[in-house]
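First up is the structure itself, then whatever we jot down about it.
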Amino acid sequence: MNQLLLLIAQLLFISIMQTVIEAFLDTEKREQQKKILNIACILGSLYFLLQFVFTYVIKEINTLVKLPF
């Protein structure tokens with residue numbers, strides 16, 4: 001449960017940082033930087049989500065169901 005709360009906190013931190021950085025960028029003039037920032041935040045969130053899944057979720061599923069690999 002603590003790991004899930006940590007994941008939620010990490011994703012919340014990424015979204016807050018994205019909002020703060022977008023506030024400082026002039027999005028009307030710098031559309032390309034906004035797209036790069038959005039892609040970077042999505043990739044960061046995806047990284048944390050996949051790390052959580054492979055570390056904790058698959059481990060728990062493996063204890064419940066014995067997989068041949």
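Observations on the model:
- Put a dot 7 Å past the Cα of V57, heading toward its Cβ, do the same for R30, and the two dots end up 3.4 nm apart.
- Sites matching GluC sites (Glu not before Pro) across the chain that sit in DSSP coil, with at most 10 neighbouring C-beta atoms within 10 Å: E28
- Taking the Cα centre of region 6-69 as origin and assigning +1 to Lys and Arg Cβ atoms and -1 to Asp and Glu Cβ atoms, the resulting dipole is close to 220 debye.
- Rounded to the nearest whole angstrom, the semi-axes of the ellipsoid equivalent to region 15-69, taken from the Cα gyration tensor as √(5λ), stand at 38, 10, 5, largest first.
We did not get these values from a lab; they are worked out from the coordinates using the rules stated. Please read all numbers here as calculations on a predicted model, not as lab measurements. Because the Cβ atoms are built from the backbone with ideal geometry, glycine has one as well, and the counts that use them run over all protein chains shown.
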